[in-house]
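Okay, structure first, notes after.
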Protein chains: 2
Amino acid sequence: MSEVRQKAQLAGKACSALSGLTTAQKNEALLAAANALVVNNEAIIAANQEDLDRGRSNGTNESLLDRLALNEQRIQGIAEGLRQIVSLPDPIGELLETFERPNGLHIVKRRVPLGVIGMIYEARPNVTVDAIGLCLKTGNAVVLRGGSAAIASNRKIVEIIHEALDSTSIPRDAVQLIEDSNRSSVDEMLKLNGLLDVVIPRGGSSLIQNVVNNATVPVIETGAGICHTYLDATADAVMATDITLNAKVQRPSVCNSMETMLVHQDFAAAHLSALAQRFSEANVELRGCEQTRALVDWAKPATDEDYATEYNDYILNVKIVKDLDEALAHIARFSTKHSECIVTEDLHHAERFLQEVDAAAVYHNASTRFTDGFEFGFGAEIGISTQKLHARGPMGLPALTSTKYIIHGNGQIRG
Amino acid sequence: MSEVRQKAQLAGKACSALSGLTTAQKNEALLAAANALVVNNEAIIAANQEDLDRGRSNGTNESLLDRLALNEQRIQGIAEGLRQIVSLPDPIGELLETFERPNGLHIVKRRVPLGVIGMIYEARPNVTVDAIGLCLKTGNAVVLRGGSAAIASNRKIVEIIHEALDSTSIPRDAVQLIEDSNRSSVDEMLKLNGLLDVVIPRGGSSLIQNVVNNATVPVIETGAGICHTYLDATADAVMATDITLNAKVQRPSVCNSMETMLVHQDFAAAHLSALAQRFSEANVELRGCEQTRALVDWAKPATDEDYATEYNDYILNVKIVKDLDEALAHIARFSTKHSECIVTEDLHHAERFLQEVDAAAVYHNASTRFTDGFEFGFGAEIGISTQKLHARGPMGLPALTSTKYIIHGNGQIRG
C-alpha cells in the first residue's frame, strides 16, 4: 500500500476517538504540543538548517529561504499561534437546530468534525503547525503534504508533536505527514475519495489550480484575488486616496490587495493627477486606459490581459469609467469574486454596489485589505474561500466542521 | 462557441437581475410558470408522446417508460410542486451575522444565491420543473442537462416556462436547457469553472460517480445509501420488527432504505427466526453470516461484496454481532454515511451509537426511511447530500445559497 493511502487510513481510524473528545482534552493536547515545540526548538532549528542548506545549494532565492527559515523567536511565535487556537471557542457539538415533527420524531442538528482533512501547501513550516492546530481543535485528523523544500523541518515538527500527543487524549495518528516528495503523492491525495473528506490547498495559484483541476475529493478553494476599488463621482478625495494607497501598497503580495482602480470620469478630472502622483511616490507602476494616460502621461497602456492579472506587486491598473454601471460591468467581467470596494458619498450608489457586486466581501468606504480572519475577529484563519460552496470569504474554525442530524424516536415508521 | 458555454454565459448574465428580485416577484413568476404548465398540458403530453414512442421503439423497459410518462394528472402534480415552493420562506437576504469591529467597521453576513447551478439528471421530466422552481426561488440561474430520453418533453416544458417568465420579473435566460444529448455536453459542463458555481447530479450511481470523478466545478454529491439498522440486545422485539420491515420494504428502491441488518447475538437467539419469517413473507431474500444461516437455514451466504452493495431491492444482508463494538466496526467499514439506526432500550448504547457513527443522519428507535426533506419538514428537497462539505443530509432551499460579507466603513485602512 502506498504511503499516502496507508497514512490516510490511519488518520481515518483516529477520527472516531477524536470526535468524542471534550474541548478541555483537545486544548490540553494543543498546549502540550506548543510547549514541546518551544522546548525542542534547537532540534527544529537543526532540521531547518538542513532544508536551508539544501535550498541554498539548489539556488533557491533569498526571499523563499527567508520564508523557510526558523529561529527561536519564530518558533515561539508558532507555539503562540497554537495557544491562540486553544483560547478560541470550540465549534464542535454546537446545537444548530432542534425541532419536533408531528409524528413525535425529535430531530437535532449538531456541528461535527469534517473527518480527515488533506492539506497541500508550500514551503513555510509554520503552516504545518497552524494546520495541525486548526484541525485538531475542530476534532479533525489531518494529512499534511508540505513542500519538499521544508521536509526536514516538517518531519522534525511532526515527530515532536507526535511525542507530545502521546501523553494526551489525542492519538498521534490524528496527525500524518506525507514524506514522499514526488508530485505523484499530491495526485494520489486528490483522488482519495472515501479516505479524505476535503482537501485544502494553500499556496500560489499554480498549486491551487492543480488541486482544483484534478481533485475528485471535495476542495475548499482559497486565494486568488483580483480586487477592484471604484472611486465614484462623489468620493471624498482624502478618503479615496487613503483607501486606494492602503489597498495597493500596505502589502501588495497578498490576495486582498487592489489590482485595478476604477475611477469615475468626474473624480478623475478633479483628482486623478494628484492621486497618480501619490502612487508614483510609493513606487507603484500605473497601467491605464487611454483616458487615464491623457491625464497621467507616464502611465503605461493597460490591456485586457492586465485587467485579468493578479499582480501581487507594485503595479496598478487604472481605468476611467463614465458611471457606476460601467464600473459594475468591468468588475463583473474581471473580478475573481474575492473583495471589491466602492468609495462614495452617494448612499444609493453604495447600496447598488453592495447588492449587485458578486464577491465574498463587498466594501463601502474601507480598504479591501480587511478581508482576513483576524481582521474580522475570528481569531484564526484557515484561508479565504473564493468559492461559494460551504464557506465564502475568511474562514474561521466553523469552516472546518460539518453537521449531523441526530433523530430520537420511539418506534416511528414511515407510512 | 459550444451550446453549453453559450447557455451558461447567458445564465450568468441573468444572475445579477435575479439576485435583486423580491420574494413576491419570484413567487409571482413561479405561479405564472405553474399555471402555464397546466394551461398547456396538451402540448406537453404531445411532446412527451414523442419521447415515449422513441423509447418504445428503442426497447426501453416499461418501468422506465412509466417514469417518463406524463398525463394531465401528473402535470397537475408537477405544477402543484411549484406552488408548494412558492409557499416556502425565501432564504435569500437572510441576516446570518452582524458585528462591529473595534475600528468601527460594521460587518454583515447575508445569504445570497449561489449563482448558476448546473443540474445533470436522468429521464424524469418532473425533475426539470422541480429544479427550475428550487433554483429560481433561491435567486439562482439554472443550466439543465436532462437525459436524452426526455428531450422532447423537457424542450416543451422549458419553452412554456420561458414564455410564462416573459411577463414576469425573471428573465427567461435564467433557465437554460442543454439540448445536445451527447455525453460530451455533460463532460463540458463538469469543467465549466467560472461559469457554473456548482453542479448537482441527480440519478443513479453511475451518473453521480461520473460527475464526482470528472467535475472540476464544485459538486454537491447526493444519493448513495448503504444504510444499517442495529438491533441491540435490549431492543424491543415488536419495535425492532416494525422498524426493520419498514426500513427494508416500504420502498426498497430509495437511498434511505436498509441494506444490512446487524443483530446482537442475544436478540438473534430470541427473535431472529421469527423476524426472518416476516421478511420471507414480504418476499425479501436474506443473505446472512454463518451464525445467521445456522438460525435461518434458507438464508443465502453473505459476502463482503454483499455488505458493500446498495441493493435498492428486496434483498437484505443479516449479520449477527457479539456486541455494540462489533456493530460499530461493521458500520464504520461499510457505511456510505447516509442514515444509520440503532434499536435499543439501553440509553447508554443509544448515546454511544449516535455519537460515534459518522453519518448524515443517525437514528435511535426510528426507521431510516425518514431521511427526507419533506419528512424533516423542509417543504422541498434538492436531494440528500452524502458529502460533508456545504450541506449534509436532506437539503432544503438554504442548500442552494451562499453567503456574502457586506462591510460598511467610513474610511478605515489597515495599519
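The values are calculated or read from the model by the stated rules, or taken from the named source; none is laboratory data. Quick caveat, the model's predicted, so the values are computed rather than measured. Note that we place each Cβ from the backbone using ideal geometry, even for glycine, and neighbour counts take in every protein chain shown. The protein model used for the area step is the full one, side chains on, heavy atoms only, and it has no ligands, DNA or RNA in it. Shrake-Rupley method; radii C 1.70, N 1.55, O 1.52, S 1.80 Å.
If I filter the stretch B:36-60 down to residues being in a loop (DSSP other than H, G, I, E, B) and open to solvent by less than 80 Å² (accessible area, probe 1.4 Å), which single residue comes out as farthest from B:ALA164 (Cα to Cα)? Before you say what the answer is, go through the steps one by one.
Start the filter on the stretch B:36-60 by keeping residues that are in a loop (DSSP other than H, G, I, E, B), which leaves B:40, B:58-60.
This time we only want the ones that are open to solvent by less than 80 Å² (accessible area, probe 1.4 Å), so: B:40, B:59-60.
Working: B:ASN40: 11, B:GLY59: 35, B:THR60: 33 Å.
That would be B:GLY59.
How many of the residues making up the stretch B:15-27 are modelled with pLDDT of 95 or more and over 26 Å from the mean Cα position of the chain (by Cα)? Before the answer, list the steps.
The first filter runs over the stretch B:15-27 and keeps only residues modelled with pLDDT of 95 or more, leaving B:21-27.
Add one more test, that the residue is over 26 Å from the mean Cα position of the chain (by Cα), and what stays is B:21-22, B:24-25.
Number of matching residues: 4.
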>> One residue is enough: does the stretch B:301-319 have a residue meeting the conditions open to solvent by less than 10 Å² (accessible area, probe 1.4 Å) and more than 31 Å from the chain's Cα centre (by Cα)?
In response: no
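Each row is one residue, and each column tells you yes or no for (1) in a helix (DSSP H, G or I); (2) under 30 Å from A:THR241 (Cβ atoms); (3) facing another protein chain (nearest Cβ under 10 Å).
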site: A:ILE342; (1), (2), (3): no, yes, no
site: A:ALA350; (1), (2), (3): yes, yes, yes
site: A:PHE374; (1), (2), (3): no, yes, no
site: A:GLN387; (1), (2), (3): no, no, yes
site: A:ALA391; (1), (2), (3): no, no, yes
site: A:PRO394; (1), (2), (3): no, yes, yes
>> Return the residues of the stretch A:250-291 that are closer than 15 Å to A:ALA308 by Cα and open to solvent by 10 Å² or more (accessible area, probe 1.4 Å); say none if nothing qualifies.
In response: A:CYS255, A:ARG287, A:CYS289
> Which one of A:GLU351, A:GLU326, A:GLU356, A:GLU345 is open to solvent by 10 Å² or more (accessible area, probe 1.4 Å), in contact with a Gly (Cβ under 9 Å, 6 or more places away or on another chain) and in the same structural domain as A:THR292 (by TED's automatic domain parsing)?
Replying inline: A:GLU356
>> Can you go through A:ALA332, A:ALA350, A:ALA308, A:ALA327 and tell me which one is closer than 30 Å to B:ASN140 by Cα, in contact (Cβ under 8 Å) with a residue 12 or more places away in the chain, in contact with a Leu (Cβ under 7 Å, 6 or more places away or on another chain) and small (Gly, Ala, Ser)?
In response: A:ALA327
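Quick check, is A:ILE384 open to solvent by less than 30 Å² (accessible area, probe 1.4 Å) and closer than 19 Å to A:VAL238 by Cα? Show your work before the answer.
Numbers: open to solvent by less than 30 Å² (accessible area, probe 1.4 Å): yes; closer than 19 Å to A:VAL238 by Cα: no.
No; evaluated as a whole, the condition is false for this residue.
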>> Looking only at the stretch B:162-171, how many residues end up being touching a helix residue (DSSP H, G or I) at 6+ places or on another chain (Cβ under 6 Å), part of a helix (DSSP H, G or I) and touching a residue at least 60 places away in the same chain (Cβ under 8 Å)?
In response: 2
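Looking at the stretch A:11-35, which of its residues are within 14 Å of another protein chain (Cβ to nearest Cβ) and part of a helix (DSSP H, G or I)? First the steps, then the outcome.
Initial filter on the stretch A:11-35 (within 14 Å of another protein chain (Cβ to nearest Cβ)): A:11-22.
Within the stretch A:11-35, A:ALA11, A:GLY12, A:LYS13, A:ALA14, A:CYS15, A:SER16, A:ALA17, A:LEU18, A:SER19 meet the criteria.
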> within 14 Å of chain B (Cβ to nearest Cβ) and farther than 30 Å from A:PHE353 by Cα: does that describe A:PRO171?
Replying inline: no
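Go through the stretch B:107-161 and give me each residue that's assigned to a loop (DSSP other than H, G, I, E, B) and either open to solvent by 20 Å² or more (accessible area, probe 1.4 Å) or within 14 Å of chain A (Cβ to nearest Cβ) (or both). Break it down stepwise before answering.
Pass one, the stretch B:107-161, residues assigned to a loop (DSSP other than H, G, I, E, B): B:114-115, B:122-124, B:138-140, B:146-147.
Selection gives B:LEU114, B:GLY115, B:GLU122, B:ALA123, B:ARG124, B:THR138, B:GLY139, B:ASN140.
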> Could you list, in sequence order, the residues of the stretch B:1-23 that are exposed (fewer than 14 other Cβ atoms within 10 Å of the Cβ) and in contact with a Ser or Thr (Cβ under 9 Å, 6 or more places away or on another chain)?
Replying inline: B:SER2, B:THR22
